[in-house]
Amino acid sequence: MKEAQWWSTANGKIQCYLCPRYCKIGKGQNGFCFIRKNIDGTLQSLAYGSPCSVNIDPIEKKPLFHFYPGTNILSLGTLGCNLGCLFCQNWSITKIKKAKEPGKPSRELLPDDVVKAALNNNCPGIAYTYNEPTIWAEYAVDIAKIAHSHSIKSVMVTNGYITKEAFHDVYDNIDGANVDLKSFNEHFYRKYAAAHIDPVLQALLALKKETNVWFEITTLLIPGLNDNDEETKKLCAWILNELGPDIPLHFTAFHPDYKMHDRGPTPAETLEHARYIAMQCGIHFVYVGNVSSNSANTYCPQCNKLLIQRGWHSIVRNELIDGKCSCGEAIPGRWMK
Ligand code: SF4
Ligand SMILES: [Zn+2]
């Protein structure tokens, strides 16, 4: 536990301005995310130094496909979340019951210890992932600062629900990100995620225009909810027009979980079809995930050569030389020297 950043007091309550919920939190209460608590008039980050999940993952699992492919990344997450997705695929750590008791299933691991663990396990990167890292940004940023002094990169795997006020404090310390764009529909965000789409779009724009962070986008396609062609076309057109054709886009498969058991998992054909639409629209790198598919490979947008062949979260072959195809086309991303 550590005193939080990004809060002020108003009318006897604390207002947290880390994420666009702007929770007003009375004494003894927690914010919506449950890991920020008003204790005796100060906001405390209960997650600081207390990850509940720590693993070494392939970076492809985040998913990040254009960011040091084939490397391992030390991955950690805490409890709680600032969104209320009915289809949460990680609800055992993000949802309220367990998160009400932060600290219990967690271990103490201070920022120094996290960086040491990355060094000891030859991980060139650390990922803030599993639950929403924005809500424990104090911890993530402190780790990232120490990590940079050892040339270790930091990655956010995030829903992009962060305020303008906090954005640079966090992302000026981050090297890579995968941002969920859960749909291209405000109604969907409100009804199924208890949130709004605009702050997520603003965060994506800020990443593109105001930082040097390498980022990719993930859209989980849920049968009957956000998998219709019209919405996919709108989502792709926005990405193309606002962010350009070189931001990798991942369509991943939903499986029934948490409060959404009224439909089956996403068929592979749905993902392939969405990928087809996105490629037709002009996005250069479109991938499908959570199913086995050739569409997880990277092809040169200029000559169509297979550049990176992937198995399930692993690299089978990498033909890139200094980040370029043999035809001379530079492939956007961050590559090993
Ligand atoms: S980070 Fe948590 S406490 Fe702060 S505004 Fe968001 S949900 Fe509320
Ligand atoms: Zn080529």
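Of the residues examined, D257 is one that is over 23 Å from L207 (Cβ atoms) and open to solvent by less than 70 Å² (accessible area, probe 1.4 Å).
Residue-level analysis places C300 among those that are within 16 Å of ligand 2 (Cβ to nearest atom) and out of contact with any His (no Cβ under 7 Å at 6 or more places or on another chain).
Every residue, every condition in (1) in a helix (DSSP H, G or I); (2) at pLDDT below 95; (3) within 28 Å of C33 (Cα to Cα); (4) open to solvent by less than 60 Å² (accessible area, probe 1.4 Å), yes or no:
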| site | (1), (2), (3), (4) |
| --- | --- |
| Y189 | yes, no, yes, yes |
| L201 | yes, no, yes, yes |
| T218 | no, no, yes, yes |
| L235 | yes, no, yes, yes |
| E272 | yes, no, no, no |
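When G289, G264, G282 are screened for being touching a helix residue (DSSP H, G or I) at 6+ places or on another chain (Cβ under 6 Å) and away from ligand 1 (no atom under 16 Å from the Cβ), only G282 passes.
The set of residues in the stretch 274-297 that are more than 16 Å from ligand 2 (Cβ to nearest atom), part of a loop (DSSP other than H, G, I, E, B) and touching a strand residue (DSSP E or B) at 6+ places or on another chain (Cβ under 8 Å) comprises I283, N290, V291.
Do we have N226 as more than 21 Å from the chain's Cα centre (by Cα) and among the polar types (S, T, N, Q) here?
Taking the combined requirement at face value, the residue does not satisfy it.
Scan the stretch 240-260 and give yes if some residue there is hydroxyl-bearing (S, T, Y) and part of a strand (DSSP E or B), otherwise no. Yes; the residues of the stretch 240-260 include at least one that is hydroxyl-bearing (S, T, Y) and part of a strand (DSSP E or B). Going by the conditions given, is Q5 touching a strand residue (DSSP E or B) at 6+ places or on another chain (Cβ under 9 Å) and without any contact (Cβ under 8 Å) to a residue 12 or more places away in the chain? No. Considering the stretch 18-40 alone, what residues qualify as being open to solvent by 50 Å² or more (accessible area, probe 1.4 Å) and within 7 Å of ligand 1 (Cβ to nearest atom)? Listed by number, the residues that qualify are R21, Y22, F32. Kindly check whether there is at least one residue in the stretch 41-55 that is open to solvent by 10 Å² or more (accessible area, probe 1.4 Å) and under 24 Å from I197 (Cβ atoms). The answer is no; no qualifying residue exists.
Within the stretch 122-154, if we keep just the residues that are among the acidic types (D, E) and in a helix (DSSP H, G or I), the residue that is surrounded by the fewest Cβ atoms within 10 Å (Cβ to Cβ) turns out to be D142. Being hydrophobic (A, V, I, L, M, F, W, C), surrounded by 19 or more Cβ atoms within 10 Å (Cβ to Cβ) and either in contact (Cβ under 8 Å) with a residue 40 or more places away in the chain or not in a loop (DSSP other than H, G, I, E, B) (or both) is a condition met by no residue of the stretch 312-330.
The values are calculated or read from the model by the stated rules, or taken from the named source; none is laboratory data. Predicted model, so just to flag it, every value in this text is computed and none were measured. Don't worry about glycine lacking a Cβ; one is built from the backbone with ideal geometry, like all the others, and counts go over all protein chains shown. The accessibility values were calculated without ligands, DNA or RNA, using every heavy atom of the protein model including side chains. Shrake-Rupley method; radii C 1.70, N 1.55, O 1.52, S 1.80 Å.
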